[in-house]
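This report refers to the structure that appears directly beneath it.
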Amino acid sequence: MKYNSTRGGVHGMTFKDVLLSGYASDGGMYLPEEFPFVSVETLRNWALLSYEDLAYEVTSLYISEDDIPTTDLKDILQQAFSTFTVPDVVSMKCLSDGLNIAELYHGRSLAFKDLAMSCMGQFYNYFLNKSQKHMTLLVCTSGDTGSSAIEAVRGLNLLDIIVILPRGRCTLIQERQMTSVLDQNVHVYRADGSSDDIDLIVRKLFADAAFVEKHNLASPSSLNFARILIQIVHFFYVYLKLCPEADREVEIIIPTGGGGNVTAGIITTMMGLPVKLVCAVNHNNVLSRIMETGQCQLGDVQMTLAPAMDIQFAYNLERVWYMLSDGDSEMIKEIMKEVDLNRVDVPVNIIKKMQSLIKVYVVAGDEEVKDTIRKCWNEENYHICPHTAVGVSYFYAQLHTRNSTEITSAVMATASPLKFPEALKASGIPAPTSEAVQQLLSARTRHVDLEFGEDWTLAIKKKIEEITSKTLSLS
């Protein structure tokens, strides 16, 4: 399996090449040259597999023996998933009225991103130990990605990680999960802006191919296909838990921010998985407007109870448009030029394909989120986080028009309610807690603030140069 850039300037990359990078040197994002088809017979054979074994079957379709031999890949996955607190890695909850919740958040940082990030940490460690080469990871986060990435790589001696979070726009627990990590290879910055603002730092730095190569710079966010690859697994897992005979369509409801999960979901449809995707978003996300008209101008990001969804432009849309245009790189370059100019103008044929694969639900606002959190607690005695609530809101909104015996649905629960006590208390219900969370809130912190008006890109560039200089002096 080889990988190409969505913008057509880079071809024939290996999984290792893609993992140890960020954006492609032409500014695009990597995708595999082809998507292997999985037959119904194979799906049925996979139905009884554990999450770990299923992960091997899926990832081995995209990772060649030349990159990672079979035994090593199995060891990597075993080590990655050994950190999860439930035996099955992902836990399925079947509630009333046909509401199924896939709890994807039983990893170290209590978010679904641990599923992929724990694997990426092991992938990085595997390749860096082979080469004895140092790497610096750069992560911009809207809340959960940063802490998940930190937990995956903290303490590794051949890797430093720089995390930039939007100050005042994460929950206190989310922020403390990042700023309380004192390992010497972890560097946390709080920027006075939105997650869209700080994502520009990553784009600017990765646009400098010479700088990226000199400093061995990479990103473990969902712009990295290795993240998307592991996210493909939980679509197969959830589908087979609900439909082991693989004889009907299942509706997967995805709380959507940066679009990594929906990208993985679309890839599974190309692999033959019979799923219908629902992107549940709040008013910040422009996806619904793009889907309606193909056009949209970006505006200000408003803070909500679901901070990981406080994103205007889902950057993985570039991958979605590339896949649905049958790999038309010239078209993608033109669309992305418009995006960079704060104009979105997607061709009608691409919009029609998106509409055939994806339904978008826009939650009315924080009041609807709170109503859903409260309803789920009062009727099910079950806590959900505000992001998961956006997905559950769609399910509740459809109850009066749907027959649960005719359609099977699952909501991807993206984070533990433990991380969002403020949202649960605002909903008028008791908020769960744990000893680990209480210790986190009183822990010592370390971070650097980036103020509005400063040159953030220059500040991060200097930090990367400092890390490289220190690494060379120790070698």
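Measuring nothing but how far apart in sequence close Cα pairs (under 8 Å, 6+ apart) lie, relative to its length, the chain scores a relative contact order of 19 percent. With viscosity 0.692 mPa s and temperature 37 °C, the Kirkwood radius over alpha carbon pairs of the range 301-380 converts through Stokes-Einstein to a diffusion coefficient of 216 µm²/s. Which distance in Å, rounded to a whole number, links the C-alpha centroids of the range 256-271 and the range 312-334? The range 256-271 and the range 312-334 have Cα centres separated by 13 Å. Dimensions of the range 1-148 based on its C-alpha atoms, expressed as ranges along the principal axes with the largest first, amount to 50, 38, 31 Å.
In the range 233-377, Cα pairs under 8 Å separated by at least six residues give a relative contact order of 28 percent. According to the Kirkwood relation over distinct C-alpha pairs, the hydrodynamic radius of the range 1-63 is 13.2 Å. For the chain, the solvent-accessible area with a 1.4 angstrom probe is 38 square angstrom per residue. The 1.4 Å probe gives accessible areas that order 289, 108, largest first, as 108, 289. For the chain, adding -39500 (n - 2.57) for each run of n ≥ 4 DSSP H residues and dividing by the number of residues yields -13500 deg cm²/dmol at 222 nm. Please report, ordered by residue number, every helix of the chain (full DSSP H runs) that is 15 Å or longer along its axis going by C-alpha atoms and whose mean Kyte-Doolittle hydropathy reaches -1.0. For the chain, where a helix must reach 15 Å along its axis and average at least -1.0, the hits are 70-81, 113-131, 195-206, 225-242, 260-270, 329-340, 386-398, 456-474. Taking the 1.4 Å solvent-accessible surface of the chain as the whole, the part contributed by carbon and sulfur is 48%. Along the Cα-to-Cβ line of residue 452, 7 Å from the Cα, sits a label point; which residues in the range 193-207 have backbone N less than 13 Å from it? What the label zone holds, given the 13 Å backbone N cut-off, is 193-194.
Extension gain for residue 131 to residue 247 (0.36 nm times residue separation, less C-alpha to C-alpha distance): 37.2 nm. Averaging over every viewing direction, what projected area does the convex hull of the Cα atoms of the range 116-168 cover, in nm²? Averaging across all directions leaves 3.5 nm² for the Cα convex hull.
Expressed as a whole percent, how much of the Cα-Cα distance distribution for the range 229-348 exceeds 25 Å?
Tail of the P(r) past 25 Å holds 29 percent of the pairs.
Between residue 82 and residue 298, the modelled labels are 4.1 nm apart [label points 7 Å from Cα along Cα→Cβ]. Counting only GluC sites (Glu not before Pro) that DSSP places in a loop and that have at most 15 other Cβ atoms within 10 Å, the longest clean stretch of the chain runs over 66-244. Could you state the number of Å between the C-alpha centres of the range 100-136 and the range 349-371? Computed from Cα coordinates, the inter-centre distance equals 29 Å.
With Kirkwood's inverse mean 1/r over C-alpha pairs for Rh, give me the Rg to Rh ratio of the chain, two decimals please.
0.93
The distance from the alpha carbon centre of the range 1-62 to that of the range 171-216 is 26 Å, rounded to a whole number. Taking every DSSP bridge with both residues inside the chain, close to 25 percent are antiparallel.
So what is the relative contact order for the range 1-118, in percent, with contacts set as C-alpha pairs under 8 Å and at least six apart?
Working: 130 pairs, mean separation 20.3, N = 118.
Value for the range 1-118: 17 percent.
Can you pull the Kirkwood radius for the range 310-435, inverse mean 1/r over Cα pairs, to one decimal in Å? Here the Kirkwood hydrodynamic radius works out to 17.3 Å. Per residue, the convex hull spanned by the Cα atoms of the range 164-267 amounts to 149 cubic angstrom. Summing +1 for each Lys or Arg and -1 for each Asp or Glu among the other residues whose beta-carbon sits under 13 angstrom from that of residue 380 gives +1. Under 20 °C and 1.002 mPa s, how fast does the range 29-96 diffuse according to Stokes-Einstein, given a Kirkwood radius computed over C-alpha pairs? Answer in µm²/s, whole number. Translational diffusion coefficient: 153 µm²/s.
Any of 16/463; 2/462; 74/204; 2/333; 93/113; 113/337 with alpha carbons more than 27 Å apart? Name them for me. If you can, show how the numbers build up before the last one.
Numbers: 16/463 25 Å; 2/462 34 Å; 74/204 36 Å; 2/333 21 Å; 93/113 19 Å; 113/337 30 Å.
Over 27 Å apart, Cα to Cα: 2/462; 74/204; 113/337.
Give the calculated FRET efficiency between residue 425 and residue 379 to the nearest 0.05, with a Förster radius of 25 Å applied to their Cβ-Cβ distance. Rounded to the nearest 0.05, the efficiency is 0.85.
The values are calculated or read from the model by the stated rules, or taken from the named source; none is laboratory data. Please read all numbers here as calculations on a predicted model, not as lab measurements. Here the Cβ is made from the backbone with ideal geometry for all residues, glycine too, and neighbour counts use every protein chain on show. The area values use the complete protein model at the heavy-atom level, side chains included, leaving out ligands, DNA and RNA. Shrake-Rupley method; radii C 1.70, N 1.55, O 1.52, S 1.80 Å.
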